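Peer 1: Got a structure for you, questions after.
The values are calculated or read from the model by the stated rules, or taken from the named source; none is laboratory data. This structure is a prediction, so every number in the text was calculated from the model and none was measured. Positions of Cβ are generated from backbone atoms using ideal geometry, with glycine treated the same way; all protein chains shown enter the neighbour counts. Only protein heavy atoms, including side chains, enter the accessible area calculation; ligands, DNA and RNA are left aside. Shrake-Rupley method; radii C 1.70, N 1.55, O 1.52, S 1.80 Å.
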Amino acid sequence: VLNEFTVSYDGNGGTCTPTSRVVSYGGTAAAPSCTRTGYETTSFIRTVGSGGTVNSTTGEVTNVTGDQTIQPQWGAVPTAPTVPYCNGTTNPTNVTTESPTFSAIFNDPDTGDTGNYYEVEVNTASDFTGTVMWDSGIQSMTATTNGTRSPNITYAGSSLNWTGTTYYWRIRFGDSTTLMSPWSSTQNFTMHDNANAPTATYLQVEQQTNPIQVVDTKPEFRAQFDDADSGETGVYYEIEV
């Protein structure tokens, strides 16, 4: 038909719906819906024909004046991070810092791609429907090569409770084009319980209890370290006289 043109869509390994649009001279061909398993569109280009302006983000063509073919360009989506660590280990208990660190291994089907972005979520519930303690949002990080561990990411959310509370966290990465991976498996960490603070018993001076007539001007002090957390060790002391 005179003054009508066909804008076709080549899926380039994926599928586009519709496969073509017929547009009047000077009209607009609306953006197609293109999908490809494991990939997301990074741009749209014209591969055949001419006439009109291609929106490189959506694939829409305005001011159509000729037959043409539009093709999506694909980027492989990174796969879920693996081996997530909190403070350098899996699901740590008795965490004694208010600023734990998080990391995981970046994985991408494009072996030459790098992980350049991260997002971490920390929540009071394992299904992430509880209180949001921290959602980092998408942040940049030092480029991480495929199959290697990310830099440590330091917690920067609400204050954590020192009551033996367990928190749940997950992480995802984005590649150099900001294509974001699925979330990692859900992990957790448990804070130290200050209710189980250690105690000092059997206090002695010069290896005696409440000695008298001490002749040493620099007496020695000692006590027994007791902690309800059987795995704890005493590493600090304070003495007052």
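Peer 1: Would you mind working out the magnitude of the charge dipole of the stretch 92-195 relative to its Cα centre, with +1 at each Lys and Arg C-beta and -1 at each Asp and Glu C-beta, to the nearest 20 Debye? If you can, show how the numbers build up before the last one.
Peer 2: Values: 3 positive and 10 negative charges, 35 e Å.
With only Lys, Arg, Asp and Glu charged at Cβ, the dipole is about 160 debye.
Peer 1: To continue, here is another question. So for the chain, taking the charge dipole from beta-carbon charges (+1 Lys/Arg, -1 Asp/Glu), which of PHE5, THR35, CYS86 sits furthest toward the positive end?
Peer 2: Comparing the listed Cα positions along the dipole, PHE5 ranks first.
Peer 1: Still on this structure, please answer the following. Ignoring ligands, DNA and RNA, what accessible area per residue does the chain give at 1.4 Å, in Å²? Working shown, then result.
Peer 2: Values: 13700 Å² over 241 residues.
Result: 57 Å² of accessible area for each residue.
Peer 1: Also, quick follow-up: Once label points are set 7 Å from the Cα along Cα→Cβ at both THR154 and THR57, what is their separation, rounded to one decimal in nm?
Peer 2: Here the modelled spin labels are 3.5 nm apart.
Peer 1: Also, quick follow-up: Could you tell me which residue out of THR131, PHE44, THR154 lies farthest along the dipole of the stretch 31-172 toward its positive end? Charges go on the beta carbon: Lys and Arg +1, Asp and Glu -1, centred on the Cα centre.
Peer 2: THR154
Peer 1: Placing unit charges on C-beta atoms (Lys and Arg positive, Asp and Glu negative, everything else neutral), compute the dipole magnitude of the chain about its Cα centre in debye, rounded to 20.
Peer 2: On the way: 8 positive and 24 negative charges, 196 e Å.
Here the size comes out at about 940 debye.
Peer 1: Quick one: if the Förster radius is 30 Å, what FRET efficiency do SER176 and VAL83 give, using the C-beta to C-beta distance and rounding to 0.05?
Peer 2: On the way: r = 22 Å, r/R0 = 0.73.
Efficiency, from the Cβ-Cβ distance: 0.85.
Peer 1: What FRET efficiency comes out for GLU240 versus THR163 if R0 is 30 angstrom and r is the Cβ-Cβ distance? Round to the nearest 0.05.
Peer 2: On the way: r = 28 Å, r/R0 = 0.92.
It comes to 0.60.
Peer 1: Using +1 at the C-beta of Lys and Arg and -1 at the C-beta of Asp and Glu, which of TYR117, VAL235, ILE212 has the Cα lying farthest in the positive direction of the dipole of the chain?
Peer 2: TYR117
Peer 1: Estimate the FRET efficiency between SER99 and THR201 by the formula 1/(1 + (r/R0)^6), using the beta-carbon distance for r and 45 Å for R0, to the nearest 0.05.
Peer 2: 0.85
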